[in-house]
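> The structure's right below; bear with me while I get my questions together.
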Amino acid sequence: MKKSFFLIVVLLICPHLTAQELNCQVNIVVDNKVEVSSTEQEIINQMKQSITEIMNNTVWTKDKFKIEERINCNIQIQIREIPSTGAYRGDIQVSSVRPAFNSNYNSTLFNFQDENFQATFSRGAVLNYVPNQYRDNLTSILAFYAYFIIGMDYDSFSLKGGTPYFQEALQIVTLAQTGGAAGWKSSESSKRNRFYLADNMLQPVFEPYRVCLYQYHRLGLDQLYDKKEEGKKAISMALNLLSPIMATRPNTVNIVSFLFGKTTELKNIFSDSELKDKQDLVNLLKKLDPANATSYTTILD
């Protein structure tokens, strides 16, 4: 009784506790070759705290999330250069998972290493995202990935449910291009950047990928507990939807990242399947993502 009363009081005082969408763990690592002064380390520690706060305390959508419904995700920043105090360059690894129905298993939904991390942060700074405004590159990067994570999660639970969040991510891309930092433009030599991540999700040619996200997770993964064989069949059918895309857009960053993140999961799901079914799956994955063909052969072990 006391516990229930305490919970009610907390929710009345802090209603935002039921609103936030993300449960994000943040880590920042500095390369050994980079010298870090005590002042610089203090700024980095503050930046980590500010990143944690903006990701977890910002209300990104109009939907209400219970604490247990928040999307679990991770951000790891690898600092490779510090050109000046409070200026950082390196990589940012962003990943998210979603639960499988009737199990304790979390399936990797998004896992991407962004090699265009550039940020400045001053002591005592507070990161604050304001829609339709460009404030600084760090805030834009974080807001972009917040919306992309949410979009992927919604796509996995409802058919193309993530559309408004991918649209928001693309709007952030457009605004951030004015800042001049790398990672935001279609004209960059590498297509493994934020522009292509968001733009691809909204292009008609990639619609089968978004259908795949829904069928793989909602009709496949979530059915494995009660209807294992039907779930496995749905997963195979979902992956086959990717063939036309990869035939015209080989090595697309969205799909390659998705497939590579599913290797271990697929191995476990199909561990008790007939050899022919495993071989068919491996042949499909090799065709979709030839660069990682060796990794997919582990499914046959």
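> Suppose we filter Phe101, Phe144, Phe166 for residues that are in a helix (DSSP H, G or I) and more than 30 Å from Glu40 (Cβ to Cβ); which single one remains?
Working: Phe101 fails: in a helix (DSSP H, G or I); Phe144 fails: more than 30 Å from Glu40 (Cβ to Cβ).
Answer to the selection: Phe166.
> In the set Ser271, Ser257, Ser236, Ser295, which member is of a type in the set (S, T, N, Q) and part of a loop (DSSP other than H, G, I, E, B)?
Numbers: Ser257 fails: part of a loop (DSSP other than H, G, I, E, B); Ser236 fails: part of a loop (DSSP other than H, G, I, E, B); Ser295 fails: part of a loop (DSSP other than H, G, I, E, B).
Being of a type in the set (S, T, N, Q) and part of a loop (DSSP other than H, G, I, E, B) holds for just one of Ser271, Ser257, Ser236, Ser295, which is Ser271.
> Looking at (1) closer than 24 Å to Phe121 by Cα; (2) in contact with a helix residue (DSSP H, G or I) (Cβ under 7 Å, 6 or more places away or on another chain); (3) not hydroxyl-bearing (Ser, Thr, Tyr), which one does Asn193 not meet, given that it meets all the others?
Single failed check for Asn193: (2).
> Next up: Just give me the residues in region 160-195 being of a type in the set (Lys, Arg) and over 15 Å from the mean Cα position of the chain (by Cα), in sequence order.
Here is the first cut: in region 160-195, the residues of a type in the set (Lys, Arg) are 160, 185, 191-192, 194.
Hits for region 160-195 are Lys160, Lys185, Lys191.
> Right, next: Quick one: in region 196-214, of everything that is assigned to a helix (DSSP H, G or I) and over 18 Å from the mean Cα position of the chain (by Cα), which residue is surrounded by the fewest Cβ atoms within 10 Å (Cβ to Cβ)? Write out each step before concluding.
Looking only at region 196-214, we keep the residues that are assigned to a helix (DSSP H, G or I), and these are 196-202, 204-214.
Still in the running and over 18 Å from the mean Cα position of the chain (by Cα): 204-205, 207-208.
Numbers: Pro204: 6, Val205: 12, Glu207: 14, Pro208: 18.
Top of the filtered list is Pro204.
> A further question on this structure: For Tyr225, work out the one condition from (1) closer than 18 Å to Ser156 by Cα; (2) assigned to a helix (DSSP H, G or I); (3) not basic (Lys, Arg) it doesn't fulfil.
The number of the failed condition is (2).
> Also, quick follow-up: Output the qualifying pairs, or none if there are none: Cβ atoms under 7 angstrom, residues six or more apart or on different chains, first residue in region 272-283 and over 11 Å from Lys232 (Cβ atoms), second residue hydroxyl-bearing (Ser, Thr, Tyr) and surrounded by 10 or more Cβ atoms within 10 Å (Cβ to Cβ).
What qualifies is Val282/Tyr296; Val282/Thr297.
> Mind counting the residues in region 34-56 that are closer than 11 Å to Phe121 by Cβ, charged (D, E, K, R) and under 21 Å from the mean Cα position of the chain (by Cα)?
1
> From Gly183, Gly179, grab the single residue that is surrounded by fewer than 17 Cβ atoms within 10 Å (Cβ to Cβ), modelled with pLDDT of 95 or more, in contact with an Asp or Glu (Cβ under 8 Å, 6 or more places away or on another chain) and over 30 Å from Leu219 (Cα atoms). Steps first, answer last, please.
Details: Gly183 fails: surrounded by fewer than 17 Cβ atoms within 10 Å (Cβ to Cβ).
Every option except Gly179 fails the conditions.
> Could you pull out the residue among Asp153, Asp114, Asp136 that is touching a residue at least 60 places away in the same chain (Cβ under 8 Å) and closer than 22 Å to Asp91 by Cβ? Don't jump to the end; show me each part of the working.
On the way: Asp153 fails: closer than 22 Å to Asp91 by Cβ; Asp136 fails: touching a residue at least 60 places away in the same chain (Cβ under 8 Å).
From the options Asp153, Asp114, Asp136, the qualifying one is Asp114.
> Please state which of the following conditions Cys73 fails to meet, knowing it meets all the rest: (1) surrounded by 17 or more Cβ atoms within 10 Å (Cβ to Cβ); (2) out of contact with any Ser or Thr (no Cβ under 6 Å at 6 or more places or on another chain).
The number of the failed condition is (2).
> Taking the condition of being surrounded by 12 or more Cβ atoms within 10 Å (Cβ to Cβ) and closer than 19 Å to Tyr225 by Cα, how many residues in region 269-281 meet it? Explain how you work it out, then say what you get.
If we filter region 269-281 for residues that are surrounded by 12 or more Cβ atoms within 10 Å (Cβ to Cβ), which is where we start, we get 269-270, 273, 277-281.
Keeping just the survivors that are closer than 19 Å to Tyr225 by Cα gives 269-270, 273.
Summing the residues that are surrounded by 12 or more Cβ atoms within 10 Å (Cβ to Cβ) and closer than 19 Å to Tyr225 by Cα in region 269-281 gives 3.
The values are calculated or read from the model by the stated rules, or taken from the named source; none is laboratory data. Treat the numbers as computed from the prediction; the structure is a model and nothing was measured. FYI the Cβ positions are ideal-geometry reconstructions off the backbone, even for glycines, and counts take in every protein chain you see.
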